[in-house]
Amino acid sequence: MTTLSVTIRNSDEKLAAIRTAGSIPAVVYGAGITNPIHISVERDLFKKVWKVAGGSSAITLSADGKNYDVLIHDYQIDPKTDMVIHADFLALDKLTKVTVGVELEFVGISPAVKAGVGTLEKMLHEIEVEALPKDLPKSIEVDISTLSEVHDQIHVKDLKIPAGVELKTEGEDVIAVITGLNEETDETPEVDLSSIEVEKKG
């Protein structure tokens, strides 16, 4: 499990000064924590850990000699600078399973798309799973190389799920499908203008 070292911060520390120094103000809450713990974490370290763990894989947070199993529950970005300015960490119980959304990673090349006979439509981009913190995956692969004909589909039940991980999303849900070049997956119904009621003014 990836470890992220952080610093306990005082309540009187100015957030702007923390950010100027290259760190991110953050808070830890959840299992086993009565009062939220206010911390700061180096911005570059946070970015490295996010690339490895994402928002669904547990990490070990090391703060003031204590370790916490946590998820990166949320973070905020300054739209002007595109920099992370705050983060939330959710503490987990090692012995309690949690349900999280896991990103789907599409890999491979679809023969149907390569041959130019169809278009790949991605219907889902994440699925829900349940697992102990140590077993939570960052992502789950979807191999689209099995899609060779128009109307071929990949369902949730077709995924290779890591050991210790249980699917919570319905197995019959479609993740990806090959549509014909002139087909559309979502049809917009025609509007009957005569049925629209117009409110009179005055």
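The values are calculated or read from the model by the stated rules, or taken from the named source; none is laboratory data. Predicted model only: the values in this text are computed from it and were never measured. Glycine gets a Cβ as well: all are built from the backbone with ideal geometry, and neighbour counts include every protein chain shown. Side chains are part of the model used for accessible areas, which takes the heavy atoms of the whole protein and leaves out ligands, DNA and RNA. Shrake-Rupley method; radii C 1.70, N 1.55, O 1.52, S 1.80 Å.
Points to keep in mind about this one:
- Any hit, the range 42-65, residues being in contact (Cβ under 8 Å) with a residue 60 or more places away in the chain, in a loop (DSSP other than H, G, I, E, B) and open to solvent by 30 Å² or more (accessible area, probe 1.4 Å): no
- Within this structure, Thr81 fails the test of being surrounded by fewer than 12 Cβ atoms within 10 Å (Cβ to Cβ), out of contact with any Leu (no Cβ under 7 Å at 6 or more places or on another chain) and more than 18 Å from Val41 (Cβ to Cβ).
- Looking only at residues of the range 101-128 that are in a loop (DSSP other than H, G, I, E, B) and either closer than 18 Å to Thr2 by Cα or touching a strand residue (DSSP E or B) at 6+ places or on another chain (Cβ under 9 Å) (or both), we find that the one that is least open to solvent (accessible area, probe 1.4 Å) is Ser110.
Yes or no, residue by residue, for (1) aromatic (Phe, Trp, Tyr); (2) part of a strand (DSSP E or B); (3) open to solvent by less than 40 Å² (accessible area, probe 1.4 Å):
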site	(1), (2), (3)
Asp93	no, no, no
Thr96	no, no, no
Thr99	no, yes, no
Glu130	no, yes, no
Ile140	no, yes, yes
Ser148	no, no, no
Ala176	no, yes, yes
